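Heads up, the thing below is written out as structure tokens.
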Amino acid sequence: MSTFDFSTLSPDLMLDALFHYGFDVSSGLLQLNSFENRVCQFRDDDRKSWVVKFYRPERWSLEQLNEEHQFVRELADIEVPVAEAVERDGQQVLSYGGFYLSVFPSRGGRTLEPDNDNQMLQLGRFLGMVHQVGAARPFVHRPTINHQTFLLDSQQSLLQSGLIPPSLEKDYQAMMQQLCDKVGPLYKPEKIRRVHGDCHIGNLLWHDDRPLLLDFDDSRNGPAVQDLWLLLNGDRVEQTYQLSLLLEEYEQYCDFDHKELRLIEPLRAMRILSYMAWIAKRWSDPAFPKNFPWFSTDQYWQQQLRALDEQLKFCDQSPLSLMPQW
């Protein structure tokens, strides 16, 4: 693999790859909503639906991709509802034409409802099972959520991107430095494990009366709370209630260290900055200017500067807690 983009991934190459691994495509390829990878749905001659994912070149090594799929397999083995790739010649990560790819049975469902108590209880149960498995051993090849990668490296990428409006560069440099200085001492997880890493509503479906966990592409080592805080929304009271529902079933399978709740705002700060840097690093991919046109506007950068300032204040507040505050 010699490029970081999909400039050589043509529809013909995608079809050739599928035919090579024994998939007869009868419907054509329907591109699904994915920016990091290229993901398409298709039907075979038996009218069965499949999803193929072509991984972005040079993002993950083969060893890292195999670790992701091994984790998903371990979860499937204990009946956690996950989307597991099919095997060809004993492998779930396949190679063709300079790209890695995986093929999954297509699984339908509806969007998970965060205000549905029963759905949140069940989701908590399965996340407890995910973390029980994840705690057995860490990833060896996949990275760990850390201050360096998500803040310091993101800060450097943004400053070097040339995308910050010149009139705001000094303000951004000062604000990002404040955020890095603030979050570094606050983000001190005591225990890490294999986690989903990007567990938000967009990566969940309600399927066969239970949650279906999708897309472990961002799985890595991290604190357990990483897979919980993205599911919380609303004001502090609402978030506390949602967290109580998740942990009610979660703790039947895995202990949760409530001290990790102090990591939520540092993790949020890291996500805000790393998301901006992610778009900046992908800006040469034509899909990104097309789908994120606001990213190159002064208005966006002004809004994000205010958001970073607000997040800096959140980091000074007392953490979310299920215990009475005295």
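Which residues, counting only those in the stretch 225-263, are of a type in the set (Asp, Glu), part of a loop (DSSP other than H, G, I, E, B) and over 20 Å from ASN118 (Cα atoms)?
If the condition is that a residue be of a type in the set (Asp, Glu), part of a loop (DSSP other than H, G, I, E, B) and over 20 Å from ASN118 (Cα atoms), then ASP235, ASP255, ASP257 are the ones that fit.
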Original post:
Which one is nearest to the chain's Cα centre (by Cα), of the residues in the stretch 94-128 that are buried (at least 19 other Cβ atoms within 10 Å of the Cβ) and aliphatic (A, V, I, L, M)?
Top reply: LEU127
Original post:
Mind checking whether some residue in the stretch 276-297 is at pLDDT 95 or above, over 30 Å from GLU58 (Cα atoms), surrounded by fewer than 15 Cβ atoms within 10 Å (Cβ to Cβ) and more than 23 Å from the chain's Cα centre (by Cα)?
Top reply: no
**OP:** Filter the stretch 172-199 down to residues that are in contact (Cβ under 8 Å) with a residue 40 or more places away in the chain and part of a helix (DSSP H, G or I) and give me whichever is farthest from ALA269 (Cα to Cα).
**Re:** TYR172
Original post:
What do you reckon, is ARG38 more than 26 Å from LYS281 (Cβ to Cβ) and modelled with pLDDT of 95 or more?
Top reply: no
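Condition check ((1) surrounded by 20 or more Cβ atoms within 10 Å (Cβ to Cβ); (2) closer than 30 Å to GLY128 by Cβ) across all residues:
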residue	(1), (2)
LEU152	no, no
CYS180	no, no
LEU204	yes, yes
ASP215	yes, yes
ASN221	yes, yes
ASP227	yes, yes
ASN233	no, yes
THR240	no, yes
SER244	no, yes
Original post:
So how many residues does the stretch 1-41 have that are open to solvent by less than 70 Å² (accessible area, probe 1.4 Å), over 18 Å from TYR96 (Cα atoms) and without any contact (Cβ under 8 Å) to a residue 60 or more places away in the chain?
Top reply: 5
**OP:** Scan the stretch 43-59 residue by residue and report those that are under 22 Å from LEU214 (Cβ atoms), open to solvent by 30 Å² or more (accessible area, probe 1.4 Å) and not in a strand (DSSP E or B).
**Re:** LYS48, ARG59
Subject >> the stretch 66-87, residues that are in contact with a strand residue (DSSP E or B) (Cβ under 6 Å, 6 or more places away or on another chain), open to solvent by 20 Å² or more (accessible area, probe 1.4 Å) and closer than 18 Å to GLY22 by Cα >> reply: VAL86
Original post:
Tally time: how many residues in the stretch 249-277 are more than 16 Å from LEU228 (Cα to Cα) and either without any contact (Cβ under 8 Å) to a residue 60 or more places away in the chain or of a type in the set (Ser, Thr, Tyr) (or both)?
Top reply: 3
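The values are calculated or read from the model by the stated rules, or taken from the named source; none is laboratory data. This structure is a prediction, so every number in the text was calculated from the model and none was measured. Cβ: placed from backbone, ideal geometry, glycine included. Neighbour counts: every protein chain shown. To get the accessible areas, we keep the full protein, side chains included, count just its heavy atoms, and leave off ligands, DNA and RNA. Shrake-Rupley method; radii C 1.70, N 1.55, O 1.52, S 1.80 Å.
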